[in-house]
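Here's the structure we're looking at; comments come further down.
The values are calculated or read from the model by the stated rules, or taken from the named source; none is laboratory data. This one's a predicted model, so the numbers in the text were calculated from it and none came from an experiment. Neighbour counts run over all protein chains shown; Cβ positions are idealised from the backbone, glycine included. Heavy atoms of the whole protein, side chains included, go into the accessibility calculation; ligands, DNA and RNA do not. Shrake-Rupley method; radii C 1.70, N 1.55, O 1.52, S 1.80 Å.
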Amino acid sequence: MMKLAVFGLNHGFKFAEEIKKMKGISLVAVAGNDLLSQERASLLEVPLYTDYQSLIAENSLDGAIITLPNQLHHEAVKMCADAGVHCLVEKPIADTVSEGKEMVDYCKKKEIKLLVGHHRRYSSKLNALRRLLDEKKIGQLISVNMMWVLAKDKPYYNEAWRIVKGGGPLLINGIHDIDNLRYVTNAEVESVYALGRNLIRGNNVEDSLSAMMELNNGATVNYFLSDGVPAPWSYEFTMKENGKYPTYEEDCYYFFGTEGSIAFPSMRMYRYKEESYGWEHALVEETTEFENLVDPIVEELVHFIKVIRGLEEPRVPGEEGVKTLEVIEAIRCSINEDKKVHMSFIGETSSSQS
């Protein structure tokens with residue numbers, strides 16, 4: 001019987017519920033220190049620890065799913081590694097690139113598998129988009145437009161950490177889009193120029209930002225993010241993956257190539273016929289159909305179990321989590337210093353801090 005634990009019962013509750021449904025897998029315990037955690041542990045009918053340190057010390061585990069606040073990822077992963085426990089840690093891998101790299105090295109030293117919870121890489125639609133781009137269905141990629149624009153509920157900002165630097169939508173939400181970008185284009189960000197604003201709420205953290213990025217395949221990216229504008233153009237509102245959110249028949253990403261373009265997640269692709277090319281002719285529209293869409297969280301959990309059993313290698317290893325976090329740090333740096341930032345600079349900075 002494989003023994004798993006979940007640290008944190010906000011996002012982690014979904015994992016805990018799915019583990020309870022699985023044969024041959026035991027949810028040994030959960031960790032959380034608030035009233036919601038008490039209620040959810042009761043529903044799950046498993047022991048609740050108010051601190052994950054005691055949970056690790058008192059239980060024999062094969063794996064842990066860590067959905068704790070970002071600043072605790074570093075310590076929790078290292079403690080699990082010391083106990084021989086494989087880890088699936090929620091994004092971002094850590095608060096800083098240097099801590100993320102240290103976690104990766106530490107797990108390698110301890111021969112522990114480390115996965116990062118960029119669960120959208122398991123999405124059927126995202127993987128279909130990746131295949132279309134990889135197969136050059138729209139030719140050479142020229143540019144990408146990405147949006148993540150919505151208005152969160154006002155009580156969301158009652159928690160103090162969400163209105164100070166590090167608690168804004170860039171790290172909480174934008175990191176998903178940046179990882180999606182890296183994944184579907186199979187390219188790396190080379191440079192960033194970004195502007196952040198707090199015009200909506202006036203807190204000491206961005207509530208909107210605009211960024212331009214250059215990829216190492218020559219393509220450029222325009223990205224706008226805001227968590228305070230009533231709008232339907234976000235991954236959550238267009239993908240229909242999470243029943244918690246209303247959905248809209250809209251798109252949030254657009255990919256432009258030399259032979260066509262793709263809107264996502266509708267997967268509408270536009271091209272010209274060779275014999276009738278150009279703006280005086282009608283575009284040909286194609287759409288990819290999906291019959292069996294998977295739940296990315298469940299797919300991620302199943303994959304983690306297979307990794308623990310030695311059947312698969314991590315699809316999102318710690319190194320990938322670090323690379324995505326490096327782009328976030330570059331965007332932050334560009335905003336703070338009002339300049340274009342090259343990724344080599346971020347790598348040098350994090351290396352000097354390690």
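A few remarks follow.
- Whichever residue in region 32-50 is part of a loop (DSSP other than H, G, I, E, B), at pLDDT 95 or above and not polar (S, T, N, Q) and, among such residues, is most open to solvent (accessible area, probe 1.4 Å): GLU45
- Checking each residue of region 3-14 against the condition of being farther than 15 Å from CYS87 by Cα, at pLDDT 95 or above and among the aromatic types (Phe, Trp, Tyr) gives at least one match.
- Every pair of residues 6+ apart whose Cβ atoms lie under 8 Å, when the first sits in region 109-121 and is more than 17 Å from ILE308 (Cα to Cα) and in contact (Cβ under 8 Å) with a residue 60 or more places away in the chain while the second is buried (at least 23 other Cβ atoms within 10 Å of the Cβ) and among the aromatic types (Phe, Trp, Tyr): ARG120/TYR235
Every residue, every condition in (1) free of Cβ contacts under 8 Å to residues at least 24 places away in the same chain; (2) more than 23 Å from ASN216 (Cβ to Cβ); (3) open to solvent by less than 30 Å² (accessible area, probe 1.4 Å); (4) assigned to a loop (DSSP other than H, G, I, E, B), yes or no:
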residue	(1), (2), (3), (4)
ASN145	no, no, no, no
GLY167	no, yes, yes, yes
ASN180	no, no, yes, no
GLU190	no, no, no, no
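- Count of residues meeting criterion [under 23 Å from ASN158 (Cα atoms), surrounded by fewer than 18 Cβ atoms within 10 Å (Cβ to Cβ) and in contact (Cβ under 8 Å) with a residue 40 or more places away in the chain] in region 197-227: 3
- Qualifying residue in region 280-298 (condition: within 17 Å of the chain's Cα centre (by Cα), touching a residue at least 40 places away in the same chain (Cβ under 8 Å) and farther than 23 Å from TRP148 by Cα): yes
- Flag for PHE237 being among the hydrophobic types (A, V, I, L, M, F, W, C), in contact with a helix residue (DSSP H, G or I) (Cβ under 7 Å, 6 or more places away or on another chain) and open to solvent by less than 40 Å² (accessible area, probe 1.4 Å): no
- Residues that are in contact with a Lys or Arg (Cβ under 8 Å, 6 or more places away or on another chain) and among the hydrophobic types (A, V, I, L, M, F, W, C) were ranked within region 286-308; the one that is farthest from LYS20 (Cα to Cα) is PHE290.
- Residues (under 20 Å from the mean Cα position of the chain (by Cα) and either acidic (Asp, Glu) or loosely packed, with under 15 Cβ neighbours inside 10 Å (or both)) located in region 51-80: PRO69, GLN71
- Lone qualifier among ILE65, ILE56, ILE93 - being in a strand (DSSP E or B) and at pLDDT 95 or above: ILE65
- All positions within region 264-283 that are closer than 15 Å to ILE138 by Cβ, open to solvent by less than 80 Å² (accessible area, probe 1.4 Å) and not hydrophobic (A, V, I, L, M, F, W, C): SER266, ARG268, TYR270, ARG271, TYR272
- Condition broken by SER261, with the remaining ones in (1) surrounded by fewer than 15 Cβ atoms within 10 Å (Cβ to Cβ); (2) in contact with a Phe, Trp or Tyr (Cβ under 6 Å, 6 or more places away or on another chain); (3) not basic (Lys, Arg) satisfied: (1)
- Among the residues of region 1-21, those identified as closer than 18 Å to ASN59 by Cβ and either among the aliphatic types (A, V, I, L, M) or part of a helix (DSSP H, G or I) (or both) are MET1, MET2, LEU4, ALA5, VAL6, LEU9, GLY12, PHE15, ALA16, ILE19, LYS20.
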